[in-house]
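Derivation of every value follows stated rules applied to the coordinates shown; laboratory data play no part. Since the structure is predicted, the reported quantities are computational estimates derived from the model, not experimental observations. Heads up, the Cβs are rebuilt from the backbone with ideal geometry, glycines too, and the neighbour counts pull from every protein chain shown.
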Amino acid sequence: MTVDSIQNGTVIDHIAAGGGMKLYHLLGLEKADVPVAIMMNVNSHRLGRKDIIKIDGELALDFDVIGYVDPDATVNVIRNGTLLEKKQMVLPERLKNVLRCKNPRCISGSEQELPQLFVLTDQSTKEYRCYWCETRAAKL
Amino acid sequence: MRSIIDIPDLSLPELDALMDTAEDIIRRPGDYAEVCRHKKLATLFFEPSTRTRLSFEAAMYELGGNVISVAGADASSVAKGESVADTVKTVSCYADIIAMRHPKEGAARVAAMNATVPVINAGDGGHAHPTQTLADLLTIRREKGGFSGLTVGMCGDLKFGRTVHSLLSALCRYENMRFVLISPEELKVPSYVKSECLKRNSLPYTQVTDLESVIGDLDILYMTRVQRERFFNEEDYVRLKDSYILTPDKLRKAKADLCIMHPLPRVNEISVAVDTDPRACYFKQVLNGKFMREALILKLLKEAGTL
């Protein structure tokens, strides 16, 4: 199976197998007005199996979301058919308006224009907690 | 602007200094009777409370200050849909310090971010109630002379009880403490509290379901109420509410210098007959809470440059 290379756009590579669709939804790519291809279970030298997302066209991406879903992913920015930049993701310290607090008693559910804010509380377990009520985020 | 949302906002030296101030107020109340003259505390209580609101108000009056108050969301602009942020921005124009209770968890943090005067969290839903923990700490220090070498039993609702989690996180900062966690299976201390407090500090603890088998080992027995408002399901509440009831009979096996504590209000988990036992310290806790609130108001007003 082949997917054409892109001239201008972004390739999110080295996504752990199974993470591609989660990332697709969290990045809101279903609403993108440029072509997007997801390849799943692709052979990988480094990971064994991996997912890849190719975005054909310029689109602003939230790198915190990519780092949250898979801090080992890499983002390749392509311009005029050549690699312009390779970014290594990291687990973000904060996530703004990415997750929703599941606690029905949390102030973020009722306070006007209060962002949904989560902070990384345990790097080793990738645990995030709501900044407002400290409820743990559900595991991805 | 310094506000107090939860106990970890205060360092161990700050906790000790607050207790020192509270004990000084107890010894020399006259020296503090005018220190907050012409200063105003706003008590914003958007959830029912008797002791906490009165405690804050009594504390401010004993410091010579004044109190302005909103009691209940029905009586305020919150009933018209005003946000917490707008409410505290407005009240900051009238008061030098705010004590706020709100049913929404995290409301105190929103208030602290938006107020231009210090905010003290007087309870935000099931999240945090730091001044209750301050009352608990002073009670333990006054009854036991310190925090070293104590075996602390916590009994009842250890899952939803915010006072338990908050006290555990405070006591875990002291060395040489042991904990006995007594609860039904459904109301055990959440694993994240154990890992953040007990395991991280390598403090020994045991978890049991039977109070009588361990009561003789305890220096402190912290009883809690199974709170109806923390349950979504009435059936679960009814099934678990009478899990532990402390009676004079159960206390026969306890140490002569046991300190029995309870954040109050109680429903029936401590028999009224226990009230006359010299080991009952829960009404002393109420009094200590007022002194610690005085100490905290003083500290925050001084740090804000208001005093």
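Classified by the C-alpha gyration tensor, chain B has a prolate form. Its axis ratio a/c, with a ≥ b ≥ c, is 1.5 or above, and a/b is larger than b/c. What the Cα convex hull of segment A:1-76 gives, in volume per residue, is 85 Å³.
For the residues B:Tyr282, B:Tyr244, B:Tyr192, a GNM of chain B with alpha-carbon springs under 10 Å puts the largest fluctuation on B:Tyr192. Taking θ as phi - 60° and the Karplus parameters 6.51, -1.76 and 1.60, the scalar couplings of segment A:126-140 work out to 6, 8, 10, 10, 4, 5, 7, 10, 6, 5, 5, 6, 5, 5, 4 Hz in sequence order, x denoting glycine and proline.
Computed over chain A with a Gaussian network model linking Cα atoms closer than 10 Å, the most mobile of A:Pro35, A:Pro92, A:Pro104 is A:Pro104.
Chain A: D in µm²/s via Stokes-Einstein (Kirkwood Rh, Cα pairs, 10 °C, 1.306 mPa s)?
Translational diffusion coefficient: 98 µm²/s.
Look at where the Cα atoms of segment B:211-288 and of segment A:16-45 average out, and the two centres are 55 Å apart.
Answer rounded, prolate or oblate for segment B:221-289, using the Cα gyration tensor with square roots of eigenvalues a ≥ b ≥ c: rounded when a/c is under 1.5, else prolate when a/b is larger than b/c, else oblate. It comes out oblate by the Cα gyration axes. For A:Met89, the residues whose modelled amide H falls within less than 5 Å of its own, excluding neighbours fewer than 5 places apart on the same chain, are A:Ala73, A:Val75.
Within a straight-line Cα-Cα reach of under 13 Å, B:Lys194 cannot be paired with any aspartates and glutamates, leaving aside sequence neighbours fewer than 8 residues apart in one chain. For B:Lys290, go through the aspartates and glutamates and keep the ones whose alpha-carbon is under 18 Å away, minus same-chain ones fewer than eight residues off. In chain and number order, the partners are B:Asp6, B:Glu14, B:Asp16, B:Asp20, B:Glu23, B:Asp24, B:Asp31, B:Glu34, B:Glu57, B:Glu62, B:Asp136, B:Glu143.
May I ask for the net charge around B:Val189, where only other residues with Cβ less than 13 Å from the Cβ of B:Val189 are counted and Lys, Arg are +1 while Asp, Glu are -1? So the environment of B:Val189 carries a net charge of +1.
Comparing Cα centroids, segment B:1-55 and segment A:54-76 end up 48 angstrom apart. For B:Ile270, the residues 5 or more places off, or on other chains, whose built amide H falls under 5 Å of its own are B:Leu246.
Under 26 Å of direct C-alpha separation, and excluding same-chain neighbours fewer than eight residues apart, B:Lys284 reaches these lysines: B:Lys144, B:Lys159, B:Lys241, B:Lys250, B:Lys253, B:Lys255, B:Lys299. Legend: ranking of residues B:His38, A:His45, B:His127, B:His102 from fewest to most surrounding C-beta atoms inside 10 Å; resulting order A:His45, B:His38, B:His102, B:His127. Taking amide H as placed 1.01 Å from N in the peptide plane, the amide H of B:Ala122 sits under 5 Å from that of B:Met100, B:Arg101, each at least 5 places away or on another chain.
Of the DSSP H helices in chain B, not one has a Cα length along its own long axis of 24 Å or more together with a mean Kyte-Doolittle hydropathy reaching 1.0. Would you mind classifying segment B:95-142 by shape? Square roots of the alpha carbon gyration tensor eigenvalues, ordered a ≥ b ≥ c; an a/c under 1.5 is rounded, otherwise it is prolate if a/b is larger than b/c and oblate if not. Since a/c reaches 1.5 but b/c is at least a/b, the shape of segment B:95-142 is classed as oblate. Beta bridges from DSSP with both residues in the protein assembly as shown: antiparallel share about 50 percent, rounded to the nearest 5. Entry note, chain A: the mean residue ellipticity at 222 nm calculated from DSSP H runs of n ≥ 4, each adding -39500 (n - 2.57), is -2500 deg cm²/dmol after division by the residues and rounding to the nearest 500.
Applying the Karplus relation 6.51 cos²θ - 1.76 cosθ + 1.60 with θ = phi - 60° to segment A:92-98 yields 3J(HN,Hα) values of x, 6, 9, 10, 10, 6, 10 Hz, where x marks Gly and Pro. For B:Ile68 and B:Arg37, the FRET efficiency from 1/(1 + (r/R0)^6), where r spans their Cβ atoms and R0 equals 22 Å, is about 0.90. Do the sum for chain B: with -39,500 (n - 2.57) for every DSSP H run of n ≥ 4, divided by all residues, what is the mean residue ellipticity at 222 nm, to the nearest 500 deg cm²/dmol? Only helices count here, giving -10000 deg cm²/dmol.
When only C-alpha pairs under 8 Å and at least 6 residues apart count, what is the relative contact order of chain B, in percent?
20 percent
Dividing the Cα radius of gyration by the Kirkwood radius, what Rg/Rh value follows for segment B:131-285?
Answer for segment B:131-285: 0.93.
With a cut-off of 10 Å between beta carbons, the residues surrounding B:Cys259 carry a summed charge of +2, where Lys and Arg count +1 and Asp and Glu -1.
Once the C-beta distance of A:Met39 and A:Lys126 is scaled by a Förster radius of 25 Å, the resulting FRET efficiency is 0.55 to the nearest 0.05. Between A:Ile52, A:Ile38, A:Ile15, the GNM of chain A built on Cα springs shorter than 10 angstrom shows A:Ile38 fluctuating the most.
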